[in-house]
Amino acid sequence: MNYFLRTLSFLTPILLAGESLNDAFIHGKASGDIRAFWYDGERELRTDRTALTVGGILSYQTAPMYGIQANASFFSSNGMLPLTHMPESGQTSNLKSDGSSINVLGEAALSYTYEDTLIKYGRQRLNTPLTNDYYNRMLPNSFEALTIENRTVADLVLKGAYITKWKYKDTDRFISATENFGFHRDIMMLGGVMKKGGYTHEMYDYYIPDVMNALYFQSDIPKLLSENHPFNISGAVQYLQENGVGNQLIGLSSTYLIGTRLGFHYADWSLTALYTQIGRQSLAGTGGRYAKMGWGGFITYTDFQIDGETENAGALAYGGVLTRHFDSTLEASLKYLRINQSDAKQSDPSSLTDNPRPDSDEYNVDATYQPDKTMRLRCRLSYIDYDPMSTDLYKNRAYDEFNTRIIADYFF
């Protein structure tokens with residue numbers, strides 16, 4: 001709350017007092033996402049995880065006044081005893097690592113819009129490849145940052161950000177992007193998104209002094225053929241290059257990501273092929289690093305796996321997704337993924353990966369039911385079959401996991 005009051009104090013000398021300020025609050029908008037999340041993981045050789053959590057996000061945004069707006073969001077996630085049994089609760093990211101509730105002012109920011117430019121300062125959720133809200137569990141990531149967007153050029157959005165702190169989704173603390181390594185560095189980002197002719201092209205560059213420079217590119221083709229064809233093809237490619245810079249305080253030297261996605265669509269059906277390849281180190285700044293340097297969600301096209309291993313050092317992943325849209329309210333998918341990993345690279349401290357992982361096959365059944373804009377129900381059943389002969393750590397020992405997730409949302 002002290003942070004929010006300090007942020008609002010910045011607004012005082014800028015805004016005019018009286019009815020205009022009152023109108024900004026009176027005509028503001030409240031919104032929310034009330035969420036319940038059931039998580040159950042039955043794991044051989046490791047601790048089972050079970051949790052029922054409830055909470056969500058309550059938000060308020062003022063009406064614009066002289067181009068200025070203020071917004072705030074309260075995040076809350078609470079375990080429901082005795083249905084929550086999670087000695088490793090941090091791994092599910094629904095609660096704190098000790099299993100306690102999360103209650104935090106996740107957003108508190110001021111924004112100013114002038115013609116084609118938007119400037120925002122304060123706590124906010126971001127949407128870029130390495131810095132994003134990672135909203136796949138109970139609560140999202142959020143950041144303390146100064147961001148800017150410009151739309152002067154047709155079909156092009158230019159983006160910039162200076163990020164000083166971030167809050168991982170399973171905590172209420174805002175810390176430096178590198179604090180868990182024992183030092184403080186900020187993130188500087190420049191990027192652009194071009195949408196033209198049905199295609200989308202994105203490019204971003206992230207720089208952290210004495211840590212790394214990361215260049216990311218992505219290109220999407222949603223429909224290769226014209227609308228008149230009952231059959232269509234879609235595709236996408238992505239590339240990330242990370243290099244250590246300066247004093248290389250975390251030992252990052254160089255790694256890369258190559259990913260492709262190819263889809264075939266007919267009527268209510270689609271079949272998508274996926275491929276990912278990672279270089280000699282695991283990716284930094286993504287979900288694969290979790291709380292150490294995981295400022296965003298997994299960016300690989302093969303990101304639906306249970307343990308997020310397609311971003312590990314030397315990982316090669318491929319698979320497919322078969323999807324059926326039954327009507328405008330119901331969608332279901334069958335998913336398969338194979339991950340081949342290098343035991344030697346995972347065991348090498350320079351890989352930035354904590355422990356070796358065996359190769360695996362994963363099978364998922366996903367369904368989403370959304371009868372209207374206010375209600376949504378999602379369910380995932382996952383089975384991951386690890387190959388015990390592919391790594392010395394688990395050789396000749398069974399190592400499988402069955403995972404169930406049910407997420408219910410009410411939006412207002």
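Please treat every number below as a calculation from the coordinates, not as lab data. Note that the structure is predicted; figures quoted are calculated from it, not measured. Please note: Cβ atoms are built from the backbone with ideal geometry, for glycine as well, and neighbour counts cover all protein chains shown.
Quick notes on this structure:
- Subset of segment 351-384 that is in a loop (DSSP other than H, G, I, E, B) and touching a Leu at 6+ places or on another chain (Cβ under 9 Å) - its residue that is farthest from Arg405 (Cα to Cα): Leu352
- Checking Leu146 against (1) buried (at least 17 other Cβ atoms within 10 Å of the Cβ); (2) more than 30 Å from Thr53 (Cα to Cα), the condition it does not meet: (1)
- Selected residue (only one of Leu139, Leu110 is among the aliphatic types (A, V, I, L, M), under 23 Å from Asp303 (Cβ atoms) and touching a residue at least 40 places away in the same chain (Cβ under 8 Å)): Leu139
- The criterion of being of a type in the set (Val, Ile, Thr) and in contact with a Ser or Thr (Cβ under 7 Å, 6 or more places away or on another chain) does not hold for Ile175.
- Considered as a group, the residues in segment 322-350 that are in a strand (DSSP E or B) and polar (S, T, N, Q) include one that is farthest from Arg261 (Cα to Cα), and that residue is Asn340.
- Restricting attention to segment 215-238, the residues that are closer than 19 Å to Ala315 by Cβ and loosely packed, with under 14 Cβ neighbours inside 10 Å total 0.
- Flag if Gly297 is of a type outside the set (Phe, Trp, Tyr), under 30 Å from Glu227 (Cβ atoms) and buried (at least 20 other Cβ atoms within 10 Å of the Cβ): no
- Tally, over segment 45-73, of residues that are of a type in the set (Lys, Arg) and within 21 Å of the chain's Cα centre (by Cα): 0
- All positions within segment 39-80 that are assigned to a strand (DSSP E or B) and aromatic (Phe, Trp, Tyr): Tyr39, Tyr60, Phe74, Phe75
- Scanning segment 22-74 for residues that are exposed (fewer than 15 other Cβ atoms within 10 Å of the Cβ), charged (D, E, K, R) and over 28 Å from Arg357 (Cα atoms) returns Asp23, Lys29.
- Extreme residue, nearest to Asp359 (Cα to Cα), among residues of segment 299-321 that are part of a loop (DSSP other than H, G, I, E, B), without any contact (Cβ under 8 Å) to a residue 40 or more places away in the chain and touching a strand residue (DSSP E or B) at 6+ places or on another chain (Cβ under 8 Å): Ala315
- Screening the candidates Ser328, Ser390, Ser350 for the property of being surrounded by fewer than 21 Cβ atoms within 10 Å (Cβ to Cβ), closer than 30 Å to Lys165 by Cβ and over 21 Å from the mean Cα position of the chain (by Cα) yields one hit, Ser350.
- Identity of the residue in segment 149-188, aromatic (Phe, Trp, Tyr), buried (at least 17 other Cβ atoms within 10 Å of the Cβ) and in contact with a strand residue (DSSP E or B) (Cβ under 7 Å, 6 or more places away or on another chain), that ends up farthest from Thr128 (Cα to Cα): Phe174
- Residues (outside any strand (DSSP E or B), small (Gly, Ala, Ser) and under 25 Å from the mean Cα position of the chain (by Cα)) located in segment 236-269: Gly251, Ser253
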